[in-house]
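Notes to accompany the following structure.
The values are calculated or read from the model by the stated rules, or taken from the named source; none is laboratory data. In this text the structure is predicted, and so the values were computed from the model without any measurement. Every residue, glycine among them, receives a Cβ derived from its backbone with ideal geometry; neighbour counts consider all protein chains shown.
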Amino acid sequence: MPGLLDRLPDGARVVIVRLRSLGDCVLTTPAIEVLKRARPDLRLAVVVEKRFAGVFEGNPNVDCIMDPAVRSVRAWRAALCLNLHGGTRSMALTALSGARWRAGFAHHRGAWIYNLRIPRAQEILGEERTVHTAEHLASAMFWLGVPKIDIPRAQLFAEKRPASHPYAVIHPFASEPGKAWPGERFAELARRIEDIWRLEPVFIGGSGDDFTPFSAWRCVAGAPLAEVKSLLAPASLFVGNDSGPAHMAAAFGVPLLVIFGTSDPAIWAPWKTPAQVMAAGPAIGQVKVEEALAALERLKVAA
């Protein structure tokens, strides 16, 4: 319901359902920011899987981070439950939230559970084009009554750990083969970054990822999100495939080079931070190291 925001009483509680994944959680933070700017009195809870809770930890706009359990959601006693996830589990949590107002995008399957059905972002924004994920999520807030403003950069908060010397964080892994640049090219690019810009390459990834091609450098495998945030925040550069860590780096304003395969940069490019995007499509394996170096030159990496 457009204008609902004005009908929520002072100090009303809102629960936002955003179960996963890493990039989506990071790109939810601009929407939370615009809501809190418009109504700083609201108390906001985010429902998220434990492995992604670190995205919202330390965020002053978030009053409560809760596990995706019906008991927890109902105990929050929200006036509004806003589902920004859209899957079956998130819909069940929304339906059983006990909130008077249940909102979600009308195009989601099962949207009949909502008594507030949010239209397409293009309709809300008044622009018939492909919209970025950050715009898509923030558009829900505009439809609820937040005045339209420039959508800010994503926000992450980390424990400050001063770096002893400059380094580049490299994330050479991806969720699927079509999004992954070959590992040996990441290794060659790391050598060139080290030689040209005097930045120490630091490779990050999951506990199950194969770091063998990168054994010559410092590798951080399977670290908790709090540690990854502290590593990314002071980095001089981020290089990687389209991935959750890329969105984390963008949230800290780290200059990025992101190599895209089958995903669409118009939807998933780094949001509002200096970045070079190489959109290779299915031909990601054909992107040459020299092309990546030229993109870094355009990025004007600080030595």
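For this structure, a couple of remarks:
- Restricting GLU291, GLU176, GLU188, GLU184 to residues that are more than 21 Å from THR28 (Cβ to Cβ), in contact with a strand residue (DSSP E or B) (Cβ under 8 Å, 6 or more places away or on another chain) and among the charged types (D, E, K, R) narrows the list to GLU291.
- Qualifying residues in the stretch 61-75 (those that are free of Cβ contacts under 8 Å to residues at least 24 places away in the same chain and charged (D, E, K, R)) - the one surrounded by the most Cβ atoms within 10 Å (Cβ to Cβ): ASP63
- GLY244 within 20 Å of VAL131 (Cα to Cα), more than 19 Å from the chain's Cα centre (by Cα) and of a type outside the set (A, V, I, L, M): no
To keep it simple, each residue is scored yes or no on (1) in contact (Cβ under 8 Å) with a residue 40 or more places away in the chain; (2) more than 23 Å from TRP268 (Cβ to Cβ); (3) not assigned by TED's automatic domain parsing to the domain that holds LEU8.
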site	(1), (2), (3)
ARG43	no, yes, no
VAL46	no, no, no
ARG109	no, no, no
PRO119	no, no, no
GLU123	no, no, no
GLU128	no, no, no
HIS132	yes, no, no
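- Restricting the stretch 89-118 to residues that are under 22 Å from the mean Cα position of the chain (by Cα) and part of a loop (DSSP other than H, G, I, E, B), the residue that is modelled with the highest pLDDT is HIS107.
- All conditions in (1) in contact with a Gly (Cβ under 9 Å, 6 or more places away or on another chain); (2) under 13 Å from ARG18 (Cβ atoms) hold for ASN59, with the sole exception of (1).
- Subset of the stretch 203-218 [in contact with a strand residue (DSSP E or B) (Cβ under 6 Å, 6 or more places away or on another chain) and over 18 Å from ALA180 (Cα atoms)]: TRP217, ARG218
- Residue within the stretch 204-217 that is at pLDDT 95 or above, in a helix (DSSP H, G or I) and surrounded by fewer than 16 Cβ atoms within 10 Å (Cβ to Cβ) present: yes
- Any chance PHE56 is among the aromatic types (Phe, Trp, Tyr), touching a helix residue (DSSP H, G or I) at 6+ places or on another chain (Cβ under 8 Å), under 26 Å from GLU227 (Cβ atoms) and not assigned by TED's automatic domain parsing to the domain that holds LEU231: yes
- Of all residues making up the stretch 119-141, the number that are of a type outside the set (Ser, Thr, Tyr) and either in contact with a Leu (Cβ under 6 Å, 6 or more places away or on another chain) or not in a helix (DSSP H, G or I) (or both): 11
- Residues of the stretch 226-240 that are under 22 Å from GLU194 (Cβ atoms) and either outside any helix (DSSP H, G or I) or acidic (Asp, Glu) (or both): ALA233, PRO234, ALA235, SER236, LEU237, PHE238, VAL239, GLY240.
- Note on the stretch 27-53: among residues that are of a type in the set (Gly, Ala, Ser) and buried (at least 22 other Cβ atoms within 10 Å of the Cβ), the one that is farthest from ASP10 (Cα to Cα) is ALA31.
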